[in-house]
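J.: Take a look at this one; I'll ask things after.
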Amino acid sequence: MALLLALAITGITLASMYYFMPSSGYWLPPFISEYGAAYDKHFMLTLVITGVIFFLAQIALAYTVFRYRGQGGKAQYILGNPKLEIVWTVAAGVIFVSLVFAGQNIWVRAHIEAAPADAIKIEMWGQQFVWYARYSGPDGQFGRTVPELMKESIGNPLGIDPEDPAGKDDLVMPVMAVPVNKPVEVILRSKDVIHNFSVRELRIKQDAVPGLENRLHFTASQIGNYEIPCMEICGLGHYQMRSFLQVKSEADYNQWLIDSAIQ
Ligand SMILES: [Cu+2]
C-alpha cells in the first residue's frame, strides 16, 4: 500500500508539472505588448523556483511514505521543530518578497510611469456583466458622467451628461478597438463592483474599482482579435462577462471610429 501511495504521489507530481512546461501546449499565447518579454522572463523565473521546491517537497513526501511505511510499530507524537519552522518560513518569505521586488519594474512601467503624450485615451467601464469602452471623440475630451443618468434603456449606460458639450461626441462601444503600434492609455472604471481588465496577449491585468480611475498603458504590436475576460469574480453572470480587444491597422481603426460614430 505504501509503495502504491508513494508511486501515486510521484505520478501526480510529474503529471502536474508537465502542464506547466511550455512544450505542453497549455502555455500563454505569444505576447503582443512591450511588457511581454520581461513579463515572460519573470513568470518563468517564478515558475522554476516554485517548481523546484514543489518537486523536492513532493518527492520527499513520497520517499517518507515509502521509507517509514507501517512496520507494526506505534507512531510517536512530537511537538514540532521550531528551528526548522523558522528556517522554512523565513526562506519562503525571502523568496516571495524578492520575486515581488524583481517584478516591480514591469508593474511600474505599465501603471505608474505616465503614458506617452500622444497615447490614445480609452475609458474601459466594467458593469455586471458587460464592458463598455468609451472614446472621447474628435474633441479629445470625455464628457462628465453622472450616476443618476446611467440608463441602458435610453442608450446612456455610462450616464454621460447631455448638458456637457465635451460628451456630445463621446463614443461608447462594447469592444475596444486600437490601432497597431500606437500607444494607448486605458482608464479603468467600474459602475458597481470590482471587475478586472485582463488581456493575456498584452500581459496586463488590472482591477476596475468603483470610485477609482485606474490607469495603464500599452502598445499592441500585432493586428488581431484578443479576448478581454473579466478576471474578478463579480457576481452570478461573471462567467459571461467579456469583451474583445481589436487591434487594427491605422486606416481600419480610423474607419471603425467613423462607422461606429455614424451608427
Ligand atoms: Cu466582472
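J.: Cβ contacts < 9 Å: first residue without any contact (Cβ under 8 Å) to a residue 60 or more places away in the chain and not assigned by TED's automatic domain parsing to the domain that holds residue 225, restricted to segment 27-44; second residue open to solvent by 50 Å² or more (accessible area, probe 1.4 Å) and outside any loop (DSSP other than H, G, I, E, B), any location; separation 6+ or different chain. Result?
T.: 44/22
J.: On to the next question. Applying the selection to segment 242-263, what residues are open to solvent by less than 20 Å² (accessible area, probe 1.4 Å) and away from the ligand (no atom under 15 Å from the Cβ)?
T.: 245, 247, 253, 260
J.: Can you find a residue that is closer than 14 Å to residue 202 by Cα, modelled with pLDDT under 95 and in contact with a Ser or Thr (Cβ under 9 Å, 6 or more places away or on another chain) anywhere in segment 40-60?
T.: no
J.: Residues that are closer than 15 Å to residue 33 by Cα, more than 16 Å from the ligand (Cβ to nearest atom) and not aromatic (Phe, Trp, Tyr): does segment 116-124 have at least one?
T.: yes
J.: Now for a separate question. Please tell me if residue 205 is of a type in the set (D, E, K, R), under 24 Å from residue 40 (Cα atoms), surrounded by fewer than 19 Cβ atoms within 10 Å (Cβ to Cβ) and at pLDDT 95 or above.
T.: The answer is no for residue 205.
J.: Shifting gears a bit: Failed condition for residue 177, given (1) in contact with a Pro (Cβ under 9 Å, 6 or more places away or on another chain); (2) within 19 Å of residue 258 (Cβ to Cβ), with all others met?
T.: (1) is the only condition that residue 177 fails.
J.: Return the pairs, sorted by first residue and then second, in which the second residue is away from the ligand (no atom under 16 Å from the Cβ) and of a type in the set (Lys, Arg), the first residue lies in segment 230-258 and is farther than 15 Å from residue 204 by Cα, the beta carbons are less than 8 Å apart, and the residues are 6+ apart or on different chains.
T.: What qualifies is 250/182; 256/248.
J.: I need the full set of residues from segment 218-240 which are at positive phi and either more than 10 Å from the ligand (Cβ to nearest atom) or touching a Leu at 6+ places or on another chain (Cβ under 7 Å) (or both), in order please.
T.: Result: 224, single match.
J.: Could you tell me how many of the residues in segment 210-241 are assigned to a strand (DSSP E or B) and surrounded by 15 or more Cβ atoms within 10 Å (Cβ to Cβ)?
T.: Counting residues in segment 210-241 that are assigned to a strand (DSSP E or B) and surrounded by 15 or more Cβ atoms within 10 Å (Cβ to Cβ) gives 10.
J.: May I ask you to verify whether residue 151 is touching a residue at least 24 places away in the same chain (Cβ under 8 Å) and surrounded by fewer than 21 Cβ atoms within 10 Å (Cβ to Cβ)?
T.: no
J.: Being within 16 Å of the ligand (Cβ to nearest atom) and either assigned to a helix (DSSP H, G or I) or open to solvent by 30 Å² or more (accessible area, probe 1.4 Å) (or both) narrows it down to one residue among 186, 193; which is it?
T.: 193
J.: A follow-up question, please. Output the residues belonging to segment 55-81 that are open to solvent by less than 80 Å² (accessible area, probe 1.4 Å), closer than 30 Å to residue 22 by Cα and of a type outside the set (A, V, I, L, M).
T.: Within segment 55-81, 55, 58 qualify.
J.: I've got another one for you. If I ask for residues that are closer than 21 Å to residue 120 by Cα and within 16 Å of the ligand (Cβ to nearest atom), which ones from segment 205-217 would you list?
T.: 205, 206, 207, 208, 212, 214
J.: So, one more: Mind counting the residues in segment 18-42 that are touching a helix residue (DSSP H, G or I) at 6+ places or on another chain (Cβ under 9 Å), in a helix (DSSP H, G or I) and within 28 Å of residue 185 (Cβ to Cβ)?
T.: 4
The values are calculated or read from the model by the stated rules, or taken from the named source; none is laboratory data. Quantities reported herein were computed from a predicted structural model and do not represent experimental measurements. A quick note on method: Cβ atoms are made from the backbone with ideal geometry, for glycine too, and the neighbour counts reach across all protein chains shown. SASA here: full protein model, heavy atoms, side chains in, ligands and nucleic acids out. Shrake-Rupley method; radii C 1.70, N 1.55, O 1.52, S 1.80 Å.
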